[in-house]
1. Taking square-rooted eigenvalues a ≥ b ≥ c of the alpha carbon gyration tensor, is segment 337-432 rounded, prolate or oblate, where a/c under 1.5 means rounded and, failing that, a/b exceeding b/c means prolate?
2. How many angstrom separate the Cα center of segment 277-301 from the Cα center of segment 8-75?
3. If you take the square roots of the eigenvalues of the alpha-carbon gyration tensor of segment 274-354 and sort them as a ≥ b ≥ c, do you get rounded (a/c under 1.5), prolate (a/b over b/c) or oblate?
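Only the coordinates and a few stated rules stand behind these numbers; no lab work does. Given the structure is predicted, the values throughout are model-derived calculations rather than measurements.
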């Protein structure tokens, strides 16, 4: 998608408050990928992705920016915690597995795209198969009879009209459904991630396929047949090829908690693991070839967005080689009282709107007043300041506490309109905020 950086930032602004520097950085990085595709082939391979490190405390929007960005451009996106690859006392997960996971996500995206393209043709084929079930075809051993053929065709045309008009939805038909063999599970210390051969699919192909006859109404049979016809129309080789290309050119991997694997080297304890994880990450981020069951995937042009709070460490504590692969560093700011106010009101699906819509399903009307929203923002900011700063996530805990009683009594309330103003919020939270020790566990 050829969105300009300004358009990307405008779209991100609809869901995420503030953090303009981070939005601009990711918008430029995504636009650069489009620019790279416009270059001559001989130059294109030399232009590498400009990876980004987002630095900031929890709850300020690091993950959300990356996730919304991927949705916006339709790119395969994977969020993974760097701590998954640690090796404290036991071998951690294979770093290359994130490329395999990203490829699976890309295959899902391409398959859905292919399903949409063949949907009309699949529906036509389903109609023909249903007609075959409703109007049995002439046995092969019967001699050709033009009059008999015309009569069958007239009957088929009448049934087609009824079928398309929805008059045969409750008619019972008999379907032959393929029963998948029980998958063979292979357990190993290393797992199948390090093997080039896809043993799971290989065993499924070896195992005999069983057909089962089932009777069901036309309306249920249509869904089963649509799935079968759609699968038959999708070119699996083309899906795999396109998915690999999509990963290589548009894939985005969000490496969270990167600060947890950086630190000075030492001869014992988890620091050994941290250095090991960085060494394992380095070739993948720099550019290598990873074997997947869909083919070889080059990681040279995948965009890596790393994020971390860096409370106890700093980006300079990363290995110099790894630092060099993340040339763009953006610091996200702590959320202020005004930011909380905007988060509660501005985004397309703001928290107050979410709660109002949830309770509207019970017929309860939640009315958040301006005073009530300001009080929520004040309390969230104060609790973050005096206790652990968990950013915007604090709003979830506070709002849940405020509407807890309404949520519980919602179906039984006689007065279905609940006005949430400043006094209502203080009444629900005042006692907890006074008891500081208790509030540590609740808020």
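1. Because a/c hits 1.5 or more and a/b exceeds b/c, segment 337-432 counts as prolate.
2. Result: 20 Å between the Cα centres.
3. Since a/c reaches 1.5 but b/c is at least a/b, the shape of segment 274-354 is classed as oblate.
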